[in-house]
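The values are calculated or read from the model by the stated rules, or taken from the named source; none is laboratory data. On a predicted model such as this, the values are computed, not experimentally measured, just so you know. Note: ideal-geometry Cβ built from the backbone for every residue, glycine included; neighbour counts use all protein chains shown. For the accessible areas, the whole protein counts, side chains as well, though only heavy atoms, and no ligand, DNA or RNA atoms are used. Shrake-Rupley method; radii C 1.70, N 1.55, O 1.52, S 1.80 Å.
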Amino acid sequence: MIHMQHVRFHYEKKPLFTHLDLEIPSGTIYGLLGVNGAGKTTLLKLISGQLFPQDGTISVLGCTPKERDPKMLQDLFHLPEEFYLPNITAQQYLKTYAPFYPKFDESAFLEYCREFEVSLTQSLHTLSFGQKKKFLLSFGLASNTALLILDEPTNGLDIPSKSQFRRTVASAMTDERTFIISTHQVRDMGTLIDPVIIIDAGEVVCNSTLDAVAQQFTMVLERTVPSSEDVVYSEQVPGGYMAMYRRKETDEETSIDLEVLFNAIIAQPGLLKNRSESITGGLA
Amino acid sequence: MIFLNIIKRELLEKKRLLLIYATAVTLILLIQELFDAFIAWQTQFILPAAENYSGTFSLFLFVGGLILTSTIFAQDLFNKSAQHNYLMLPASQLEKFLAKGLITAVGYPVVLALLFGISSVCIELITRMFFGSPIILFNPFSLATLQQIGHYLAIQSVFLLGATYFRKAHFVKTVLAIGLLGIIVGLYTAALMRIAFAPYMEQLRSMQIIVDSSAIQDHQTLFGVLEWVGSIFYWLIIPLFCWFTAYQRVKEVEATDAV
C-alpha cells in the first residue's frame, strides 16, 4: 500500500526526516502518534503528494505521490486537521465532488450523515466546525477509497460524536482499505487503532501492533513507586503508578495502555526501535 | 466527463461572485446608457451608443478579465486550507489547470460579450421607451469586439502566469513585472537600434533630427521583418510560453507554497 524508502525531507530552516523508511500494508487502521512538531502532518502530506521529498522514494497505491496521478487521488481521501469547505449546500457538494470518486457510495454517505446527525440541506458555511468535520468524515468514508488519511479527526467533535466516530470508522473498515489516523487523543482512539506508528523528532520510533508490544512488555498498576530492575518505564496515574516491564516467558500478557506506551517510547525512543518489524528512521 | 466536473466545481464555487459581478456590469451599463440618452434628449445631440458599449466592454474585458485571471489560482494554490482541496481533487493536473485557464481565457470574454449583447437589447428598449433614442445594439460578433478578445487572449496569458507565480497581490505584481520587463526590453531594443542604425546616430547626437524617408524606405524590409517577429512573439510565443510555464508551476506547487 505505502512504501517509503530513504526519504529525506526538510523545511527551509528545519530538517525533519533524513532517511525515513516506512511500510504500511493494507487492511489495517494505523494510528499515527507523536508530539507536536514531530512530523505527523508532514508525513501524511508526503504520502498524499502535497509535499515532495528532497530525496528517497515514496510509492502509494503503486503511484508516485509527487505526480498526483488521478488514479491515486481517486483511491485516496485525506481529511486534514484544518480544512476548507466552499459556500455551497451539502447536496451541491455531494453532486459536485462525488463523481470524482468512482467507488463513492451515496447510500452509505446518507447513512453516515444520519448517524452523525449532519444536515444536508444547510449551506456548508453555516455548519459548526464539528458538523463540517463530521460531514467530511462521512464523505471520506463513503468514498470507499483504498487509503483514508485522517489528521486529528476527533478534534472539535463532542463526546457522543467521538463514540459515533469510532463505531462508524470500524464499520467502514474492510480488508481492501487502509486508514491512517493521526491523533493526539490516544484515549479516544485506543480501541480503534492498531498497529501504531510513533514518530518523534522526525524519526519513526515505533511501528508495531499492540499484540507485538504485549508479547514484549507487560503493564501493571502498582500502589508504590516500582523499583524492580525490569521496569522500563513508569508514570504516576490516579491510584498509583503504571509500570511497564519487560515481559518474561512466564508472565501473562497484559493489555497495553496506549498512552503509557506512547509516553514510554517518547521518554526512551530506542525502546521498541530495534524490535519492531519495519521501523527505521533518521534524526537530522 | 471529469473535465466537465472540474469546470462545474469552479463555476459553482464562484457562482455568487460571478452573479454579483454580472449584475454590477448590467447596472453600470444601464446607468451609463440612461444618462447618455437623457443628455441626448435634453440637448438633441445623439451620442454614438455602439461606441459607448465598445468602450465599456473593453474596460470590463481587460480590467475585469485580467483581475479575474490574476486571482483564479489565489485560493486553490496559495491558501493554506483551500489548497488541500485543489491538490487532492482526483483529476489530472493538466485538466485542473486547463479548467481555470479556459474559464478565464475563453469563458469570461464569451460570457461578457453575450452579457453585453443581451443587456444592450434590454437597455436600448428602455431608452427608446423613455427618451425615444435610436436603437443601437452591441454586437458581440463585430470585428472590433473579436479583435479586442484576441488582444485579451494574448495579454491574459501573462496574467495567468502571474497568477501561478506570485503568492500574493498577483495582479499588481504582474503589472509591475510587465513594466519592469518593458523597461528592460526597451533599453535592449534601444541598444540594438543604436548598433543597427549607427550611421544615423551622428545626426541625432548633433540634435539635427532629420526624417529621411529614403532611409526608411531602404529599411522597409527590416521594419517588416521586425513587425512580423513582434507579431509572432505577441500572438504565439509569449502566450504559449506563459501557458506552458504556468502549467509547470501548478505541477510543482506544494503545501509549503501556501501562505
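Please verify whether segment A:159-181 includes one or more residues that are on the phi > 0 side of the Ramachandran plot, touching a residue at least 40 places away in the same chain (Cβ under 8 Å) and open to solvent by less than 10 Å² (accessible area, probe 1.4 Å). The answer is no, given that none of the residues of segment A:159-181 is on the phi > 0 side of the Ramachandran plot, touching a residue at least 40 places away in the same chain (Cβ under 8 Å) and open to solvent by less than 10 Å² (accessible area, probe 1.4 Å). Listed conditions (1) at pLDDT 80 or above; (2) among the aromatic types (F, W, Y); (3) open to solvent by less than 80 Å² (accessible area, probe 1.4 Å) are all met by B:Y188, apart from (3).
The single condition from (1) more than 12 Å from chain A (Cβ to nearest Cβ); (2) surrounded by fewer than 19 Cβ atoms within 10 Å (Cβ to Cβ); (3) touching a residue at least 24 places away in the same chain (Cβ under 8 Å) that B:K80 fails is (1).
For segment A:71-96, a residue qualifies if it is under 19 Å from the mean Cα position of the chain (by Cα), at the interface with chain B (Cβ under 7 Å from one of its Cβ atoms) and buried (at least 20 other Cβ atoms within 10 Å of the Cβ), and the qualifying residues are A:L73, A:H78, A:P80.
Of everything listed in (1) among the small types (G, A, S); (2) in contact with a Gly (Cβ under 7 Å, 6 or more places away or on another chain); (3) touching a residue at least 60 places away in the same chain (Cβ under 8 Å), the single unmet condition for A:A108 is (2). Within segment A:125-142, the set of residues being polar (S, T, N, Q) and buried (at least 24 other Cβ atoms within 10 Å of the Cβ) comprises A:S138 only. From the list A:G27, A:G62, the one residue that fits, being surrounded by fewer than 22 Cβ atoms within 10 Å (Cβ to Cβ) and either closer than 17 Å to A:N144 by Cβ or within 14 Å of chain B (Cβ to nearest Cβ) (or both), is A:G27.
This table checks each residue for (1) over 30 Å from A:T64 (Cα atoms); (2) free of Cβ contacts under 8 Å to residues at least 40 places away in the same chain; (3) within 14 Å of chain A (Cβ to nearest Cβ); (4) aromatic (F, W, Y).
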{"residue": "B:K14", "(1), (2), (3), (4)": "yes, yes, yes, no"}
{"residue": "B:S54", "(1), (2), (3), (4)": "yes, no, no, no"}
{"residue": "B:T69", "(1), (2), (3), (4)": "yes, no, no, no"}
{"residue": "B:L94", "(1), (2), (3), (4)": "no, no, yes, no"}
{"residue": "B:L98", "(1), (2), (3), (4)": "no, no, yes, no"}
{"residue": "B:T104", "(1), (2), (3), (4)": "yes, no, no, no"}
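Restricting the first member to segment A:21-43 and to residues that are under 10 Å from A:I2 (Cβ atoms) and small (G, A, S), and the second to residues that are part of a loop (DSSP other than H, G, I, E, B) and open to solvent by 40 Å² or more (accessible area, probe 1.4 Å), the beta-carbon pairs closer than 9 Å and six or more apart or on different chains are A:S26/A:M1; A:S26/A:D175; A:S26/A:E176. The single condition from (1) closer than 24 Å to A:E82 by Cα; (2) outside the structural domain of A:S48 (by TED's automatic domain parsing) that A:L150 fails is (2).
Against the numbered list (1) part of a loop (DSSP other than H, G, I, E, B); (2) under 22 Å from A:V196 (Cβ atoms), A:G31 comes up short only at (1). Residues in segment B:117-145 that are under 20 Å from B:V63 (Cα atoms), of a type in the set (A, V, I, L, M, F, W, C) and either modelled with pLDDT of 95 or more or assigned to a loop (DSSP other than H, G, I, E, B) (or both): B:F138 only.
With the requirement that a residue be among the small types (G, A, S) and either within 24 Å of the chain's Cα centre (by Cα) or not assigned by TED's automatic domain parsing to the domain that holds A:L137 (or both), what does segment A:99-115 give you? Quick ask: steps written out before the conclusion?
Going through segment A:99-115, the residues among the small types (G, A, S) turn out to be A:107-108.
Correct list: A:A108 only.
For segment A:176-192, the criterion of being modelled with pLDDT of 90 or more, basic (K, R) and under 30 Å from A:K45 (Cα atoms) is met by at least one residue. From the list A:E12, A:E111, A:E67, the lone residue that is more than 12 Å from chain B (Cβ to nearest Cβ), open to solvent by 50 Å² or more (accessible area, probe 1.4 Å) and either over 20 Å from B:S81 (Cα atoms) or among the aliphatic types (A, V, I, L, M) (or both) is A:E111. The residues in segment A:137-164 that are under 24 Å from A:K95 (Cα atoms) and in a helix (DSSP H, G or I) can be counted, and the count is 6.
Hey, among the residues in segment A:206-244 that are open to solvent by 40 Å² or more (accessible area, probe 1.4 Å) and modelled with pLDDT under 85, which one's farthest from A:S26 (Cα to Cα)? This residue is A:S227. Of all the listed residues (A:F139, A:F116, A:F104, A:F83), the sole one being within 23 Å of A:T174 (Cβ to Cβ) and at pLDDT below 95 is A:F116.
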